[in-house]
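This report refers to the structure that appears directly beneath it.
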């Protein structure tokens, strides 16, 4: 059965693990690697350290240009990690709050399943942080698999 699996990617180790898990799950169908650019996040919504003192002014045209370049490299990494399964990968991007945009994407496209990386936080930390993965699990109209790092507990 052909299906579509959505994998939000930001370059973090957990998003890479989620992509690897999705690649193992898919027999036929498509994996959509979705990057969400969060304009309220000076780090371009990518998992890397950002020195805001040397970055373009947040929200400026230069900021968006740099964000687009980093996203282009992220998608190159996605295709490289997919290897022989590259033909099963599609990339897409949206701008906004990550949890909201992921759920909106699922609802607007023919997505059958979401595979998302989670940090494996538990207890009070998880409740206080309200992670993207947790919000997607609560709001998604399709099944969600959270790939998490059990060593982070």
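The values are calculated or read from the model by the stated rules, or taken from the named source; none is laboratory data. Computed from a prediction, not measured in an experiment: that's the story for all the values here. Because the Cβ atoms are built from the backbone with ideal geometry, glycine has one as well, and the counts that use them run over all protein chains shown.
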So for the stretch 1-16 (the condition being at pLDDT below 95, farther than 23 Å from residue 97 by Cβ, surrounded by 14 or more Cβ atoms within 10 Å (Cβ to Cβ) and out of contact with any helix residue (DSSP H, G or I) (no Cβ under 6 Å at 6 or more places or on another chain)), does at least one residue qualify? yes
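Just checking, how many residues over the stretch 114-147 are more than 16 Å from residue 100 (Cβ to Cβ) and modelled with pLDDT under 80? Show your work before the answer.
Looking only at the stretch 114-147, we keep the residues that are more than 16 Å from residue 100 (Cβ to Cβ), and these are 115, 117-129, 143, 145-147.
Next cut, modelled with pLDDT under 80 only: 119-129.
Number of matching residues: 11.
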Looking only at the stretch 51-109, count how many residues are touching a residue at least 60 places away in the same chain (Cβ under 8 Å) and at positive phi. 1
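Which ones in the stretch 1-13 are under 9 Å from the mean Cα position of the chain (by Cα) and outside any strand (DSSP E or B)? Before the answer, list the steps.
First, the residues of the stretch 1-13 that are under 9 Å from the mean Cα position of the chain (by Cα): 6-12.
Scanning the stretch 1-13 gives 9, 10, 11, 12.
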Of (1) over 27 Å from residue 27 (Cα atoms); (2) surrounded by fewer than 19 Cβ atoms within 10 Å (Cβ to Cβ); (3) at pLDDT below 95; (4) under 17 Å from the mean Cα position of the chain (by Cα), residue 67 fails just (2)
